[in-house]
Amino acid sequence: MAANCWKCSAPAGPCSLVCPRCEAVQPLTPGADLFAVLGLPRRLSVDGAELERRYLAASRAVHPDRHQTATPRERELSLAASAAVNRAYRTLKDPVARGRYWLELNGTRLGDEGPRVPPEIAAEVFETQEKLAELRSAGNGPEGDALRREVEALRGAFARRLDALRDGLVACYATANGAGVPLDELRRRLSEIAYLRTLLGDIEDTMGEGFRGTDRRH
Ligand SMILES: [Zn+2]
C-alpha cells in the first residue's frame with residue numbers, strides 16, 4: 001500500500017489516518033481491519049484504557065469539524081475516516097461484538113451452523129417459551145399474576161446468567177494473550193449469549209414493557 005501522503009507526499013506510514021506532516025486525512029487502507037484502524041494489535045484481548053485513548057486521539061484527528069474549510073475531497077476523506085473510527089470503537093469496546101467480529105475476521109460467522117439452540121440451554125429456552133405462551137393467553141387475574149411473577153424471576157435469573165457469560169468471555173479472551181481461544185469455543189459462547197439475549201427480548205416483549213438495549217441479531 002502506498003505510504004505517502006496524497007496531499008504533500010510525506011511518508012505517512014501504513015494505515016495512518018492522518019499525514020504526520022500536513023495532517024491531511026488519508027484514504028483508508030483497503031482491507032484494513034478494525035484493529036488496524038485504531039492502531040491496536042490484532043488480538044481478542046483489548047486493553048480498555050488503550051482503546052479509549054486511541055479512539056479519542058483518532059476521532060479528534062479526523063473529525064469533520066476540523067476539516068470544515070477543506071476541499072470536498074478532504075471533507076469526504078474525513079467523513080469516511082470518522083465513520084471507520086466510530087465503527088472500530090463500537091465493535092472493539094463490546095466483548096460480544098468484538099467476538100463476533102473476530103469470527104468474521106477468521107472467515108466464519110455465528111449463524112453458520114444454522115439456527116440451533118445451544119444444547120446447554122435448550123431445555124430452559126423451551127420451558128421459558130412455553131411459560132411465555134401461557135402468560136400471553138392467561139390474561140389478567142390471579143393465574144396471570146402468578147405466571148407474571150414466575151416469568152419475572154426467570155428474567156432476573158437469565159439477566160444474571162448473561163452477565164456471568166460476558167464476564168467469562170472477557171476472562172477467556174485474556175488467556176493465552178488473547179489469541180488462543182479456539183473458534184469453536186468462541187462460537188459456542190457467543191451463541192449461548194445470543195440465545196439468552198433473544199430469550200430476554202421475548203420476555204420483555206411478552207411482559208409488555210417494550211424492549212430496550214439488548215441486541216437481538218444473530
Ligand atoms: Zn501530508
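Structural remarks
- Here the Kirkwood formula puts the hydrodynamic radius of the chain at 20.2 Å, using every distinct Cα pair.
- When you count the other C-beta atoms within 10 angstrom of each residue and take the mean per peptide, 125-137, 27-39 line up highest first as 27-39, 125-137.
- Candidates N140, N106, N86: whichever shows maximal mean-square fluctuation once the chain is modelled as a Gaussian network with Cα springs under 10 Å: N140
- Viscosity 1.567 mPa s, 4 °C: Kirkwood-radius Stokes-Einstein D of the range 66-150 over Cα pairs, µm²/s: 73 µm²/s
- Computing FRET efficiency as 1/(1 + (r/R0)^6) for R136 and A157, where r is the C-beta to C-beta distance and R0 is 22 Å, gives about 0.65.
- Model label zone, S59; criterion: amide N under 16 Å from point 7 Å along Cα-to-beta-carbon; scope the range 23-37: 37
- The base-10 log of I(q)/I(0) for the range 1-74, evaluated at q = 0.14, 0.17, 0.20, 0.21 Å⁻¹, reads -0.48, -0.69, -0.91, -0.98 [Debye formula, identical scatterers on Cα atoms, solvent excluded].
- By the helix-only formula, in which each DSSP H run with n ≥ 4 contributes -39500 (n - 2.57) and the sum is divided by residues, the chain has a 222 nm mean residue ellipticity of -20000 deg cm²/dmol.
- Extending 7 Å from Cα along the Cβ direction at E143 and again at L183 yields two label points whose distance is 5.0 nm.
- Rounded D (µm²/s) - the range 76-201, Kirkwood Rh over Cα pairs, Stokes-Einstein at 25 °C, 0.890 mPa s: 145 µm²/s
- Using a 4.7 Å Cβ-Cβ cutoff, the cysteines of the chain lacking any partner cysteine are C15, C172.
- Across the range 1-128 the C-alpha pair distances fall into 5 Å bins from zero in the proportions 2, 10, 17, 18, 15, 11, 9, 6, 4, 3, 3, 2, 0 percent.
Any read-out appearing in this document is the output of simple, stated calculations on the displayed coordinates, not a laboratory observation. It should be emphasised that the depicted structure is a prediction, and the values quoted were computed from it without experimental measurement. Note that each Cβ is placed from the backbone with ideal geometry, even for glycine, and that neighbours are counted across all protein chains shown.
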